[in-house]
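Report on the structure given below.
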Amino acid sequence: MTRFRAPLHRRALLTGSLALTGALTLAACGSSDSGKDAAGSGRTHTVKTAMGDVRVPVKPERVVVLDTAELDSAITLGVQPIGATHVEASSGFLSYLPKDKVSGIKDVGEMLNPNMEAIAALKPDLILTSKIRHAAKYDQLKQIAPTVMTETTGYPWKENFQVHADALGRQAEAKKVVSDYAAHAKKVTTAIGGPAAAEQTKVNVIRFMEGADIRLYGEQSYIATILKDVGLGRAPISAKAKDGFSYDLSPEKIDLADTDVIFQSTYGDPKKAKQTQTVGSSLWKNMKAVKSGNVHPVDDELWIQGIGYTAADKILDELQADLTKKK
């Protein structure tokens, strides 16, 4: 069972598989069944994926990523993709990523409905995505280039990062990234008073979402793993999250989210996402976290959509700044 839900629940539209024949034929030499890589060296290795073993170039040079986690992983590992999808409600790529690292990347469509012709035209030698996002498109994608899919996204982001690193031939770089992140998390724990103080600080993360209820994140979510790495405590309600992922709230029950510290993000228009009416209510204003000045608005693209080590390091910096702020 997946531990992740798409920002807006919308089924990916099926594109005509055989209508792409001309474009796909151009890229067929990059098929996962090929024994040679598109870079011309002929050296490949096998990556274990959610769709079985896939042979990929040892050092892929033309990488296309179809979701935000894969984009974060590639940038983190020093690989600039030639193509990437964008998130449905945003323009361009996620704003927290360094501009010089995303400049020049070709936009190949909205994440849930990537443009197959645009992908094929780039002649990639590797495609990265997940089964939960694009399983229905796997047969088309693997005709274009070796396609590495993880099972899902979100909660298992650290394991997925290792798959991405393997596919990109960047295992050594990945080892350093993981080590540096662990040291960073430890530094934040120390800055907020040490493990005991961190554990005593109960934290909730809520997301106002256009077209949906207010989401309170549970233990099996990307952001919860970062809180855990710092050693922060969680309010009991987080344990009630459905499938461990999230607990949905209406504005009339927002007080259930009350705890020592609340981090809040907004996806879409604040009014349509019920943020405006919620934060203006007496229930909200009487919450402990609100009264003590411990509600911190955060960027949705960074805290919720990013799903990777580059995002995580920036989140750690914000956690330290917010939790050590003088009131």
*Please state which of the following conditions S73 fails to meet, knowing it meets all the rest: (1) surrounded by 20 or more Cβ atoms within 10 Å (Cβ to Cβ); (2) assigned to a loop (DSSP other than H, G, I, E, B); (3) of a type outside the set (D, E, K, R).*
(2)
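Could you please let me know if G193 is farther than 24 Å from E301 by Cα and in contact with a helix residue (DSSP H, G or I) (Cβ under 9 Å, 6 or more places away or on another chain)? Before the answer, list the steps.
Values: farther than 24 Å from E301 by Cα: yes; in contact with a helix residue (DSSP H, G or I) (Cβ under 9 Å, 6 or more places away or on another chain): yes.
Judged against the criteria, G193 is a match.
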*asked:* What's the number of the only condition in (1) within 30 Å of I214 (Cα to Cα); (2) in contact with a helix residue (DSSP H, G or I) (Cβ under 6 Å, 6 or more places away or on another chain); (3) at pLDDT 85 or above that T2 fails to meet?
replied: (3)
*asked:* Cβ-Cβ under 6 Å, sequence separation 6+ or interchain: first residue in the range 145-162 and small (G, A, S), partner part of a helix (DSSP H, G or I). Which pairs?
replied: A145/G30; G154/Y222
_I'd like the full set of residues that are touching a helix residue (DSSP H, G or I) at 6+ places or on another chain (Cβ under 6 Å), over 16 Å from Y309 (Cα atoms) and crowded, with 24+ Cβ neighbours inside 10 Å, limited to the range 130-185._
I144, A145, T147, V148, M149, T150
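Checking the condition over 20 Å from L319 (Cβ atoms), at pLDDT 95 or above and in contact with a helix residue (DSSP H, G or I) (Cβ under 9 Å, 6 or more places away or on another chain), which residue from L283, L302 passes?
From the options L283, L302, the qualifying one is L283.
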*Restricting attention to the range 71-97, which residues are farther than 12 Å from A311 by Cβ, of a type outside the set (D, E, K, R), out of contact with any His (no Cβ under 7 Å at 6 or more places or on another chain) and at pLDDT below 95?*
H86, V87, A89, S90, S91
*Here are some residues: A172, A167, A121, A191. Which one is of a type in the set (G, A, S) and touching a Ser or Thr at 6+ places or on another chain (Cβ under 6 Å)?*
A191
_the range 188-199, subset touching a residue at least 60 places away in the same chain (Cβ under 8 Å) and either surrounded by fewer than 23 Cβ atoms within 10 Å (Cβ to Cβ) or among the hydroxyl-bearing types (S, T, Y) (or both), residue farthest from T259 (Cα to Cα)_ = A191
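Quick grid of which residues meet (1) within 30 Å of F93 (Cβ to Cβ); (2) not aliphatic (A, V, I, L, M):
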{"site": "K228", "(1), (2)": "yes, yes"}
{"site": "G244", "(1), (2)": "yes, yes"}
{"site": "D260", "(1), (2)": "no, yes"}
{"site": "Q275", "(1), (2)": "yes, yes"}
{"site": "T278", "(1), (2)": "yes, yes"}
{"site": "L283", "(1), (2)": "no, no"}
{"site": "N294", "(1), (2)": "no, yes"}
*Can you confirm whether the range 157-176 contains a residue that is farther than 18 Å from W303 by Cβ, part of a helix (DSSP H, G or I), among the charged types (D, E, K, R) and within 19 Å of the chain's Cα centre (by Cα)?*
yes
*asked:* Can you pull out every residue in the range 255-299 that is free of Cβ contacts under 8 Å to residues at least 12 places away in the same chain, farther than 19 Å from D322 by Cβ and part of a helix (DSSP H, G or I)?
replied: T276, S282, K285
*Among (1) hydrophobic (A, V, I, L, M, F, W, C); (2) assigned to a helix (DSSP H, G or I); (3) touching a residue at least 60 places away in the same chain (Cβ under 8 Å), where does A118 come up short?*
(3)
*Matching residues, the range 211-233, being touching a strand residue (DSSP E or B) at 6+ places or on another chain (Cβ under 6 Å) and outside any helix (DSSP H, G or I)*: D213, I214, R215, L216, Y217, G218, L232, G233
*Report, by residue number, each residue of the range 288-313 that is under 13 Å from the mean Cα position of the chain (by Cα) and of a type in the set (S, T, Y).*
Y309, T310
*How many residues does the range 44-65 contain that are within 21 Å of the chain's Cα centre (by Cα) and assigned to a loop (DSSP other than H, G, I, E, B)?*
2
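The values are calculated or read from the model by the stated rules, or taken from the named source; none is laboratory data. These numbers were taken from a predicted model, which means no experiment stands behind them. Quick reminder, even Gly has a Cβ in these numbers, built from the backbone with ideal geometry, and neighbours come from all protein chains shown.
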